[in-house]
Amino acid sequence: MTTQYSFVSSCINVDEFDQMLHRSLNRCLSTSIHDMLKGKKIIFNMDERTKIPINGWGMKSNPYCATTINPIKPILENTTVSAIDSSSIQVAETEEGTLYAVKCGIVMSSRGQTFIHLRIGPILFYLSKETIRDSEIDHRLAKLILFDNECAKRLIRVRIERAVQMIISNHFKRSIILIDGSLKPSLFEDKDQSIKNVAENCALNRNSMIGISKSTKFKILDKISSSLTKIPGPAYMDVNLVIKSLIRNTIGDSVIVKFGNGNSAILRADIVTSDRNKYFLFGKLLGNDSMADGYPETLRLAHHISTFTNTEVSCLKGHILSSYEVTELASEDIRRTLLGSLLI
Amino acid sequence: MKILSKNGNELIMLAMKTDIATKGDYLLIVDEKSNKKMIVQIYDEDYFSSQSLIEDIVKDEVVVASSTENLHDPLNIGKLSRIIRDARLFRAKIRAAIDISDRLSSDISWLPSRVFSKVERLRISELNSFLGRTGILPIPIGKTGKDNEDFDIYAEEFDGKLNIITGKKESGKSHLSKMLIKTLVQYGAFVIVFDLNNEYGGLAWNSDGSRSSIQDQVMILEPGNGLKFSLEYCGKSGISNMLKNSLDLPAASLREFFRIWDSLKNKKTLDLESLGNAINTWNINELVRDALISRYHVIQTSRLFTDASKRDELRFESIITENRKGAAMIVNMGKITSVVRKMIVELILSKLVDLLEKNIIPPIFLFAEEAQLYIRETYWEDIITRMRHFGIYTTFITNQPDAISDGIYRQVDNIFLFNFTNDADLDKLSKVSLLDNETIRSIAKTLPQRHCLAIGKAVSDLPVVVKIATTEILTLGETKKFFKI
């Protein structure tokens, strides 16, 4: 051991190495943390998840503190609220392609009561060169989804959601359609069933569409939302200018909204409404959907019924093995095998 | 059904809803690779549960409760999911193994393959053939298993054995004991029953009011009515035992009693009247006289004694001689005081021992209901050790398993365990019985009425759940009720 250490120390001068590293890093990144952090408010992140401070960052950090806050009051006018959510998973792989499963949940409520829900799926999709060649997917997009599993899952999710949104926006009149996520055209949507087509349908049938995002990658919105935390009841703030300045292709107007009381969650919402009256739209939403913990119950239920459970995944695997004459090969998690795991 | 895991001497099996088996059923695990077989018995049944499965169920229930559900499930995965939710785990105790030459073996140290093992339900007839369980005098006590197979125990297994029939009130104990008594008598056995509820008299009659097949062999004995002894027949030791143990006569008084007895015997005037006169006129301490007089009055009022000259006394040897084909002597003790009960038991047991010792009578089967109420503590040991050697083969029937001492349980050959829900009772049984704690606790708690778990020699030490057959015996001894509904 001593021999080894002497050998290493004869090759590398540790002090010199430390100085070189310090000089190199300081060119692009500051390592003098102490002075920079002193007196700052802080929240710790875990598992790469986005977290927000419960009581906001405080007025000091809010450059939009002068923006108008609009309180929302429930409007008891009978309106159907439909919420749509979906999830997709990669189930299996073959030499040529990948097998995905998708589930979609649709929940409807009126006068604060959910009255019907529809579970769609699980439905299996097999994406391979052969299956994509026969589809209408653009060949560049086809290459991407064959190369990237995340993109493939997103494509399946977007396609099924848009199909459902098209049906609902055609079928209902003067209703509210809730969508999980922002109202942004996607690279993966079909040109005949795009979010724009859905928005057009909504306009034709006087439906409103709200895309609700639980978190946003725009840090500025977190700062702005501090003012809303101070308001005791439901309220919204117009952030259309901020969003439009950051991204160009969103549909409708953007707001940050708090549906619950006190410290309930502050959400970003993209709105498409025929009369552009946000106060009236949010009022009708509050009057027709229940808002436990400041999140629409319909969307929460749609999320729950669209997520895959472990049992379903096991059943899907069983179904594939028993129905499609496939042979399961022994497999291993290469990362786990190589890195191992230290249980503590 | 598939083997899932092993824990100690038990296997855990995964079963789907279509795999029909219940607690107490035997399974045969055939390891097709090693050609070995293992016999296991299901003792508990549970849902196959994982945290995620429970979460799924709860989530689904919440969703379905909140609104009407519509499904579009083209692959019918929901059906598979429901099958998984209904999957069950059978916990089974390893009871025996069968070697390559199809012989029963106690080598259960090997582990059957999870992949190549086939699990199938074992019929009781197949189990019997593996065990080589046969007999000459079958007692068809009921049915067993899902297929309602007839189940017999053999009268030979009761010969020279100590048995306990236990279970909570109205679980079917007396029903089984009546069935056993009837069959034993049919096979020519002599049975004495200490009947606490005056219910065994029904053995003479069928439920439709007709005579039972053993009516002529059933004798109802009550104090003053068939159950009368002469002092001479009981003998000095029998009477002194009764005075000492049942009537708590002090030693000093007992010595004076012996003098009186010897004097009367010499004068050949050993009858009840002479005994009374002698006690009153004997030259003794007044306290001793008082003690003897009070005991004498109890003896007199018990209606248990008669004079030999009247020729109405009970003589066991006469009954046995007159009923060569067997007899059931039912001692009705339902309407008598506890002191008289104790006197009866003391007199009968000491006389039986005396007769058996002298080889005057053949061995006797004794059925004692709630014996703790009339058998003194020191007698228990006598019954299970000494009397057994003389030829008194006892069956205790009780709903208080804790009233029987551990010593008796350790000597017991067969236990017929009916339903118990009380943990304390099950604790007692599981500590001392011939079977493991888990099987007793799990099976006994869920036994329906008239179902029992037979444990011991009668079932070749492989416990069996039996549904006791209905009999035609007339039911007596029902509780007198105020409300006639």
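Figures for the structure shown
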item: Mean Cβ count within 10 Å, highest first, over the residues of peptides B:452-461, A:182-191, A:232-241; result: B:452-461, A:232-241, A:182-191
item: Given charges at beta-carbon only (K, R positive; D, E negative), |dipole| of chain B in Debye; result: 560 debye
item: Translational diffusion of segment A:69-306, µm² s⁻¹ [Kirkwood Rh, Cα pairs; Stokes-Einstein; 10 °C; 1.306 mPa s]; result: 86 µm²/s
item: Peptide A:308-317 - average C-beta neighbours from other chains (10 Å radius); result: 6
item: B:Lys267 paired with B:Gln372, simple spin-label distance in nm, labels 7 Å along Cα-to-beta-carbon; result: 4.6 nm
item: Calculated P(r) tail over 25 Å for segment B:319-441, as whole % of Cα pairs; result: 32 percent
item: Burial ranking of peptide ranges A:194-200, B:100-106, A:266-272 (average Cβ count within 10 Å, highest at the top); result: A:266-272, A:194-200, B:100-106
item: DSSP beta bridges in the protein assembly as shown [antiparallel fraction, %, rounded to 5]; result: 70 percent
item: Computed lengthening from B:Lys244 to B:Leu4, 0.36 nm per intervening residue step minus Cα-Cα distance; result: 80.1 nm
item: Rounded if a/c under 1.5, otherwise prolate or oblate - segment B:218-374, Cα gyration tensor axes; result: prolate
item: Reduced Cα scattering model of chain B, Debye log10 I(q)/I(0), q = 0.09, 0.12 Å⁻¹; result: -0.73, -1.07
item: At R0 = 60 Å, FRET efficiency that the Cβ-Cβ distance of A:Thr307 and B:Glu156 yields, to 0.05; result: 0.35
item: Average Cα contact separation per residue, segment B:2-131, under 8 Å, 6 or more apart, as relative contact order %; result: 40 percent
item: Over segment B:1-142, equivalent-ellipsoid semi-axes from the Cα gyration tensor in Å; result: 38, 18, 13
item: For segment B:40-77 and segment A:262-288, distance of Cα centres in Å; result: 36 Å
item: Segment A:78-165 - percent relative contact order, Cα under 8 Å, separation 6 or more; result: 29 percent
item: As computed over the protein assembly as shown, the Cα convex hull volume per residue (Å³); result: 357 Å³
item: Theoretical FRET efficiency, 1/(1+(r/R0)^6), r = Cβ-Cβ of A:Arg336 and B:Glu32, R0 41 Å, to 0.05; result: 0.75
item: FRET efficiency, A:His22 to A:Gln90 (Cβ-Cβ, R0 60 Å, nearest 0.05); result: 0.85
item: Gain in span if fully extended, B:Gln411 to B:Leu287, counting 0.36 nm per residue against the direct Cα distance; result: 40.3 nm
item: Relative contact order (%) - segment B:231-301, alpha-carbon pairs under 8 angstrom, separation at least six; result: 34 percent
item: Protection proxy ranking of B:159-170, A:250-261 - average other beta-carbon atoms within 10 Å, highest first; result: A:250-261, B:159-170
item: Rg(Cα) / (2.2 N^0.38 Å) computed for segment B:151-265, rounded to two decimals; result: 1.46
item: With 5 Å bins from 0: P(r) over segment B:231-301, alpha-carbon pairs, percent; result: 3, 17, 33, 30, 15, 2
item: Built amide H within the under 5 Å cut-off of A:Thr80, gap 5+; result: A:Ile176
item: Inter-site label distance for B:Ser309 and B:Asp147 at 7 Å from Cα along Cβ, in nm; result: 7.0 nm
item: Spatially proximal aspartates and glutamates relative to A:Lys214 (Cα-Cα < 16 Å; intrachain offsets below 8 disregarded); result: A:Glu48, A:Asp85, A:Asp180, A:Asp222, A:Asp270, A:Asp293, A:Glu297
item: 222 nm mean residue ellipticity, helices alone, for the protein assembly as shown (DSSP H n ≥ 4; -39,500 (n - 2.57); rounded to 500); result: -10500 deg cm²/dmol
item: Net +/- balance of residues flanking A:Met209 in space, Cβ distance below 15 Å, scoring K and R +1, D and E -1; result: +1
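Bear in mind these aren't lab numbers, they're just calculated from the coordinates by the rules spelled out. Because the structure is predicted, anything quoted here is derived from the model rather than measured. Note that each Cβ is placed from the backbone with ideal geometry, even for glycine, and that neighbours are counted across all protein chains shown.
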